Amino acid sequence: ALGRDPVPAMLLVTRGRDPVESGVYAVALDAISSQAKAEPEVAAVRRGPVSRDERTTVLEVYFRNGDPSVQQQAAGRIEAALDPGPLSVLVTGEAKALPEVREDLGEELPGLELLALPLTVVVLVLAAGLRLAAAPLLSVALSILGSLAVLRLAGGPLDLSVEAMAPAGVCGLVLGI
């Protein structure tokens with residue numbers, strides 16, 4: 001299931017008061033590994049390197065399915081069910097970070113799309129004159145914001161990619177011009 005040169009999609013960074021080689025830390029790592037392996041989508045859990053302070057290590061979680069949305073859902077279930085015992089655990093990795101990045105980018109994208117508005121103003125004023133440029137400018141702003149709003153509303157139940165938002169904004173800009 002891991003294939004050749006696998007890359008972990010999720011990392012569980014653990015830190016404790018005792019050294020990693022201690023019995024307490026080993027039992028806690030085994031318990032965390034078992035909890036992660038209980039998820040059906042998990043193919044393997046491997047121990048990573050130990051830090052220089054000898055109190056921090058990583059558990060690398062590999063998934064069976066290469067689909068990012070399946071991995072993200074499995075990572076959420078693992079994080080919700082995780083009982084680290086005496087250790088503190090930081091959940092990170094691609095499966096954990098992608099939804100957060102998608103959400104942050106989705107919030108910032110409408111403002112970034114509107115940065116094209118000054119260039120549009122210059123092109124329209126040069127091509128049509130100041131008086132005739134008002135209607136297309138309004139159309140550009142409304143079409144960009146409208147297309148992004150529709151994708152945001154549809155994105156909740158459909159889990160749309162942020163990669164669909166940029167072309168939608170560009171299409172709105174082109175239609176306005």
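For VAL162, the stated conditions hold: it is modelled with pLDDT under 70 and buried (at least 16 other Cβ atoms within 10 Å of the Cβ). Restricting attention to region 12-25, the residues that are touching a residue at least 24 places away in the same chain (Cβ under 8 Å), open to solvent by less than 50 Å² (accessible area, probe 1.4 Å) and not in a strand (DSSP E or B) total 3.
Apart from one condition, VAL101 fits all of (1) surrounded by 16 or more Cβ atoms within 10 Å (Cβ to Cβ); (2) at pLDDT below 70; the exception is (1).
Conditions (1) out of contact with any helix residue (DSSP H, G or I) (no Cβ under 8 Å at 6 or more places or on another chain); (2) of a type outside the set (D, E, K, R); (3) in a helix (DSSP H, G or I); (4) loosely packed, with under 14 Cβ neighbours inside 10 Å, marked per residue:
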site: VAL27; (1), (2), (3), (4): yes, yes, yes, yes
site: VAL45; (1), (2), (3), (4): no, yes, no, no
site: ASN65; (1), (2), (3), (4): no, yes, no, no
site: GLN72; (1), (2), (3), (4): no, yes, yes, no
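Residue-by-condition table, conditions (1) surrounded by 13 or more Cβ atoms within 10 Å (Cβ to Cβ); (2) modelled with pLDDT under 75; (3) within 30 Å of SER34 (Cα to Cα):
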position	(1), (2), (3)
SER69	yes, no, yes
ILE78	yes, no, yes
VAL91	yes, no, yes
ALA97	yes, yes, yes
GLU107	no, yes, no
ALA116	yes, yes, no
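Does ALA9 count as closer than 15 Å to LYS96 by Cα, in contact (Cβ under 8 Å) with a residue 60 or more places away in the chain and not aromatic (Phe, Trp, Tyr)? Yes.
What do you reckon, is GLU79 touching a Lys or Arg at 6+ places or on another chain (Cβ under 8 Å) and among the acidic types (Asp, Glu)? When the stated conditions are applied, GLU79 passes them.
The values are calculated or read from the model by the stated rules, or taken from the named source; none is laboratory data. Please read these numbers as outputs of a predicted model, since none were measured by experiment. So basically every Cβ, Gly included, is an ideal-geometry build from the backbone, and we count neighbours across all protein chains shown. For the accessible areas, the whole protein counts, side chains as well, though only heavy atoms, and no ligand, DNA or RNA atoms are used. Shrake-Rupley method; radii C 1.70, N 1.55, O 1.52, S 1.80 Å.
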